[in-house]
């Protein structure tokens, strides 16, 4: 396993992840001071975004069901627990966006190669029941 987002596992096949980027920020309150530069007061952690890029080959290795599960998790809006393949707990994230690019369409309109880009944003953990339900891909 390379990565897990809620109940969805990314591995070599069928749902592959080949690139993960992180954009983390810190929030500051800016205060104007006459005759000086602005004063910055640290007010806490800002946004923590992850972007996962992956690829599917649905006609060779499957993965259409994994793609549908990903959209279902996005539609529920529930935070999903994320973990790297080495066991590192990344925390809770909501799925903000899923982009698909289908290439080499088969005669029935299915892309033989599908590039997937998933945008996640850090969120607070849900209540106990929401956490339990997210492990099984259910909406709270």
Determine, yes or no, whether residue 89 is exposed (fewer than 14 other Cβ atoms within 10 Å of the Cβ) and in contact with a strand residue (DSSP E or B) (Cβ under 9 Å, 6 or more places away or on another chain). yes
Within the group 59, 69, which residue is within 19 Å of residue 94 (Cβ to Cβ), in a helix (DSSP H, G or I) and touching a strand residue (DSSP E or B) at 6+ places or on another chain (Cβ under 9 Å)? 69
Taking the range 107-131 and the residues there that are more than 18 Å from residue 92 (Cα to Cα), at pLDDT below 90 and touching a strand residue (DSSP E or B) at 6+ places or on another chain (Cβ under 9 Å), the one that is surrounded by the most Cβ atoms within 10 Å (Cβ to Cβ) would be 111
Scan the range 12-49 for residues that are touching a residue at least 40 places away in the same chain (Cβ under 8 Å) and not in a strand (DSSP E or B) and jot them down. 13, 14, 15
Of the residues that sit in the range 1-11 and are assigned to a loop (DSSP other than H, G, I, E, B) and out of contact with any helix residue (DSSP H, G or I) (no Cβ under 7 Å at 6 or more places or on another chain), which one is farthest from residue 116 (Cα to Cα)? 1
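The values are calculated or read from the model by the stated rules, or taken from the named source; none is laboratory data. Since the model is a prediction, treat every value here as computed from it, not as a measurement. Heads up, the Cβs are rebuilt from the backbone with ideal geometry, glycines too, and the neighbour counts pull from every protein chain shown.
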